[in-house]
1. Can you spot the lysines whose alpha carbon is less than 28 Å from LYS86's alpha carbon? Ignore those fewer than 8 places along the same chain.
2. On the protein heavy atoms, probe 1.4 angstrom, tell me the percent of accessible surface of the chain carried by carbon and sulfur.
3. Per-residue HN-Hα couplings for the range 102-108, Karplus 6.51 cos²θ - 1.76 cosθ + 1.60 at θ = phi - 60°, whole Hz, x for Gly and Pro?
4. Write down the accessible area per residue of the chain in Å², having rolled a 1.4 Å probe over the full set of protein chains.
5. Which value, in debye to the nearest 20, describes the size of the charge dipole of the chain about its Cα centre when Lys and Arg Cβ atoms bear +1, Asp and Glu Cβ atoms bear -1, and nothing else is charged?
6. Taking H as built 1.01 Å from N, whose amide H comes closer than 5 Å to the amide H of TYR32, not counting residues under 5 places away?
7. Would you list, by chain and number, the aspartates and glutamates whose Cα falls below 20 Å from the Cα of LYS75, excluding same-chain residues fewer than 8 positions away?
8. Residue by residue through the range 15-21, what is 3J(HN,Hα) from phi via Karplus (6.51 cos²θ - 1.76 cosθ + 1.60, θ = phi - 60°)? Round to whole Hz and write x for glycine and proline.
Amino acid sequence: QVQVVESGGGLVQPGGSLRLSCAASGSILSIYAMGWYRQAPGKQRELVATLTSDDRTNYGDSVKGRFTISRANAKNMVYLQMNSLKFEDTAVYYCKVRSAESLSSSYEDSWGQGTQVTVSS
């Protein structure tokens, strides 16, 4: 079983910055990718950013140029640096980890509980 824990959410004014952290632990042999998704009230969950084990990144169109996903020095941990925040960035941000627990197992997705980000003046 894989545990995924997000942290760093909070209240920030428009134009401000926030950094989210995601840490994965448990039955992990290898991680293919870690990423961030978000869900605003009444909307579907959407891609924010992903980072693969070979350092390929992918960003949602609405956050390109403002958000950056990066790998932390600690194992199995990533950050999401969010700059120039807008009202519409308000959402619950979820971390997803695609990992395998053994050489014979396939990759599976594990999700965290989410962290609230609220952009408000």
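The values are calculated or read from the model by the stated rules, or taken from the named source; none is laboratory data. As the structure is a prediction and not an experimental result, all values here were calculated from the model. Please note: Cβ atoms are built from the backbone with ideal geometry, for glycine as well, and neighbour counts cover all protein chains shown. Ligands, DNA and RNA are stripped out before the accessible areas are found, and what is left, the full protein with its side chains, is counted by its heavy atoms. Shrake-Rupley method; radii C 1.70, N 1.55, O 1.52, S 1.80 Å.
1. Reachable lysines: LYS43, LYS64, LYS96.
2. Values: 3060 of 6710 Å².
So the carbon and sulfur contribution to the accessible surface is 46 percent.
3. 7, 5, 9, 9, 8, 6, 10
4. On the way: 6710 Å² over 121 residues.
Result: 55 Å² of accessible area for each residue.
5. On the way: 12 positive and 10 negative charges, 48 e Å.
Roughly 240 debye for the chain.
6. ARG98, SER99, ALA100
7. GLU6, ASP54, ASP55, GLU101, GLU108, ASP109
8. The phi angles translate into x, x, 10, 8, 10, 9, 10 Hz.
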